[in-house]
Structure formats: structure tokens, C-alpha cells
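To keep things clear, I will list the structure first and then write my remarks on it.
The values are calculated or read from the model by the stated rules, or taken from the named source; none is laboratory data. Predicted model, so just to flag it, every value in this text is computed and none were measured. Please note: Cβ atoms are built from the backbone with ideal geometry, for glycine as well, and neighbour counts cover all protein chains shown. All accessible areas refer to the heavy atoms of the entire protein, side chains included, with ligands and DNA or RNA removed. Shrake-Rupley method; radii C 1.70, N 1.55, O 1.52, S 1.80 Å.
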Amino acid sequence: MNTPKELRYSKDHEWIKVEGNKVRVGITDFAQSELGDIVFVELPEVDDEITADESFGSVESVKTVSELYAPISGKVVAVNENLDDDPQFVNESPYENGWIIEVEVTDTAQLEQLMTAEQYEEMVSK
């Protein structure tokens, strides 16, 4: 399982890369491996407001459909439109080409509530 140390993680298996007052969000390597082959990603719209711990989209695999939960509150400033044609990027490259959204953060204190790579690995190993 690949868990980059520089990222933060949510209990719902999303990863967060902090870039100033923006964050890039995707699902973890662990989550994509549990889901199996991703066939569709439902994306929010740019300018949508998302709220921490609430659904902002979904990922459909050959096995199931799973909700995506916002790890942080803010405004969606970009969506990965490449996933419309190539949803398998989530499987092949979850931390690079498979990112899902970018969010302008409204409350950076929420970042402190997210897990480190070590804490996330401990959670999924139980």
C-alpha cells in the first residue's frame, strides 16, 4: 500500500495535498484497491461549496458505488475532467493523475483534524 508521507488522510479514505490555501483531494491507494476497477467518477461542479464529512460525489467500480466525503470545507475551484474519459486514473495513479477535486479551504484548522500517513496506515491495518 502506497501512503505518501507528505499528505493528510481522512477516516473516509480520502487524501489531501495542501498547496497554500487550496487542497487537492483524491481517494487513497488502499481505497481504490478495495473498490476494484473504477468505471465512473461523479464530480461536483466548479464553484460548488462542500462541507467536511458530507458527500460531494461518488466513485463507481465494477463491484459497487461509493460516496466521496469531503475531508474539509470549502469551494471547489477545479475538478479533474480527465476522469470523465479515463476513470481508471484513480486506480493507476491515485495520488497523481487520479486526483478528483481542488478546494479553496475556508477553515484551515480542519487540516489539523486529518490523519498523518502513519495514523492512516494504523487505521487501515486494524
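Worth pointing out:
- Condition check for V46: part of a loop (DSSP other than H, G, I, E, B), open to solvent by 40 Å² or more (accessible area, probe 1.4 Å) and either touching a strand residue (DSSP E or B) at 6+ places or on another chain (Cβ under 8 Å) or at positive phi (or both): yes
- All positions within the stretch 49-67 that are more than 13 Å from I100 (Cα to Cα) and either outside any strand (DSSP E or B) or aliphatic (A, V, I, L, M) (or both): I50, T51, A52, D53, E54, V62, K63, T64, V65
- When V39, V76 are checked against the criterion of being assigned to a strand (DSSP E or B), touching a Pro at 6+ places or on another chain (Cβ under 7 Å), among the aliphatic types (A, V, I, L, M) and open to solvent by 60 Å² or more (accessible area, probe 1.4 Å), a single residue qualifies: V39.
- The number of residues in the stretch 1-17 being assigned to a strand (DSSP E or B) and either closer than 13 Å to A52 by Cα or open to solvent by less than 70 Å² (accessible area, probe 1.4 Å) (or both) comes to 5.
- Of the criteria (1) more than 23 Å from S125 (Cβ to Cβ); (2) open to solvent by less than 30 Å² (accessible area, probe 1.4 Å), which one V59 fails: (1)
- One residue stands out among those in the stretch 86-126 that are charged (D, E, K, R), at pLDDT 95 or above and in a helix (DSSP H, G or I): the one that is surrounded by the most Cβ atoms within 10 Å (Cβ to Cβ), which is E121.
- Cβ-Cβ under 8 Å pairs, at least 6 apart or on other chains, the stretch 10-38 side closer than 16 Å to Q88 by Cα and of a type in the set (G, A, S), far side open to solvent by 70 Å² or more (accessible area, probe 1.4 Å) and modelled with pLDDT under 95: S33/M1; G36/V62; G36/K63
- Here A70, A31 are screened, and the one residue that is of a type in the set (G, A, S), closer than 11 Å to I101 by Cα and crowded, with 18+ Cβ neighbours inside 10 Å is A70.
- V65 being on the phi < 0 side of the Ramachandran plot and surrounded by fewer than 19 Cβ atoms within 10 Å (Cβ to Cβ): yes
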